[in-house]
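This report refers to the structure that appears directly beneath it.
The values are calculated or read from the model by the stated rules, or taken from the named source; none is laboratory data. Note that the coordinates shown come from a computational prediction; the quantities given were computed from them, not determined experimentally. Here the Cβ is made from the backbone with ideal geometry for all residues, glycine too, and neighbour counts use every protein chain on show.
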Ligand SMILES: C[S@@+](CC[C@H](N)C(=O)[O-])C[C@H]1O[C@@H](n2cnc3c(N)ncnc32)[C@H](O)[C@@H]1O
């Protein structure tokens with residue numbers, strides 16, 4: 001099992017990330033529309049392997065993707081190599097920690113998609129990160145945070161390994177399976193600990209790669225408070241990518257906010 005400090009340096013995590021998210025495209029039109037309406041450049045925090053970064057650039061949007069994980073960024077770079085030159089030129093990828101990176105510039109839109117903030121270990125780290133997002137947003141610029149709704153995280157079954165997906169790898173011909181197991185849920189710390197296991201091949205040739213990771217969920221009130229404390233205004237809350245109002249059973253918790261004009 002991997003120690004937390006090694007987690008973001010794992011080559012295999014980047015390799016399996018795209019498989020975990022294969023076919024997940026439902027958030028892309030939402031982000032494209034936001035960027036087209038509010039303008040670029042866009043900064044995507046926790047850009048991973050470029051699942052969203054590349055479609056944004058294909059739509060003519062200039063994007064700076066920031067991520068802590070070097071292997072994730074390396075995978076994103078390999079993927080951008082296959083893009084047309086004008087798409088490649090719209091993308092910049094930077095290694096950094098959302099708590100304290102400094103690009104020395106401001107962005108028209110700052111996006112933090114797919115619950116990247118759940119990797120942060122507590123409220124203090126969240127507060128520092130939100131202040132950093134605000135520092136990188138232009139006056140009158142837009143900030144968007146998209147996370148899994150808290151009820152989806154805290155109401156899960158613990159201690160049972162469930163197969164999440166399987167496929168035959170087109171490159172190797174081997175059967176790949178992903179299993180997930182919730183190891184524990186700690187409501188006090190707002191944390192769910194998940195073990196992700198990738199099983200490659202079968203029988204005598206079977207190889208198993210395991211990652212363990214804590215995810216700290218965000219409650220609606222806490223997320224709004226973090227945004228306000230960081231200096232954002234006009235906070236709107238949605239429960240899905242169709243902008244339905246956030247309810248207890250919503251799948252997502254999506255917060256849209258604005259940085260004041262002339263606000264530092
Ligand atoms: C669930 S992935 C989302 C990737 C991409 N935005 C997408 O939508 O597919 C979360 C990403 O956040 C990154 N991340 C986690 N902690 C981070 C931190 N402290 N600073 C920057 N990136 C971080 C991880 O390396 C990972 O690539």
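Per-residue answers, yes or no, for (1) assigned by TED's automatic domain parsing to the domain that holds residue 116; (2) modelled with pLDDT under 95; (3) more than 18 Å from residue 32 (Cα to Cα):
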site: 61; (1), (2), (3): yes, no, no
site: 68; (1), (2), (3): yes, no, yes
site: 71; (1), (2), (3): yes, yes, yes
site: 79; (1), (2), (3): yes, no, yes
site: 85; (1), (2), (3): yes, no, yes
site: 89; (1), (2), (3): yes, no, no
site: 96; (1), (2), (3): yes, no, yes
site: 101; (1), (2), (3): yes, no, yes
Only residues that are closer than 21 Å to residue 132 by Cβ, out of contact with any helix residue (DSSP H, G or I) (no Cβ under 9 Å at 6 or more places or on another chain) and surrounded by fewer than 16 Cβ atoms within 10 Å (Cβ to Cβ): list them for segment 227-264, please. 228, 234, 260, 261, 262
So, in segment 129-147, how many residues would count as being over 17 Å from the mean Cα position of the chain (by Cα) and either free of Cβ contacts under 8 Å to residues at least 24 places away in the same chain or part of a helix (DSSP H, G or I) (or both)? 3
Quickly run through segment 120-134 and pick out the residues that are touching a strand residue (DSSP E or B) at 6+ places or on another chain (Cβ under 7 Å) and within 9 Å of the ligand (Cβ to nearest atom). 120
Which one of 105, 78, 167 is surrounded by fewer than 15 Cβ atoms within 10 Å (Cβ to Cβ), more than 14 Å from the ligand (Cβ to nearest atom) and without any contact (Cβ under 8 Å) to a residue 12 or more places away in the chain? 78
All positions within segment 52-75 that are near the ligand (Cβ under 9 Å from one of its atoms) and in a loop (DSSP other than H, G, I, E, B): 52, 68, 69
Being near the ligand (Cβ under 9 Å from one of its atoms), in a helix (DSSP H, G or I) and closer than 30 Å to residue 183 by Cα, is that true of even one residue in segment 24-45? no
Any chance residue 95 is surrounded by fewer than 16 Cβ atoms within 10 Å (Cβ to Cβ) and near the ligand (Cβ under 9 Å from one of its atoms): yes
Flag if residue 115 is within 15 Å of the ligand (Cβ to nearest atom) and surrounded by fewer than 16 Cβ atoms within 10 Å (Cβ to Cβ): no
From the set of residues in segment 13-23 that are part of a loop (DSSP other than H, G, I, E, B) and within 18 Å of residue 72 (Cβ to Cβ), which is modelled with the lowest pLDDT? 22
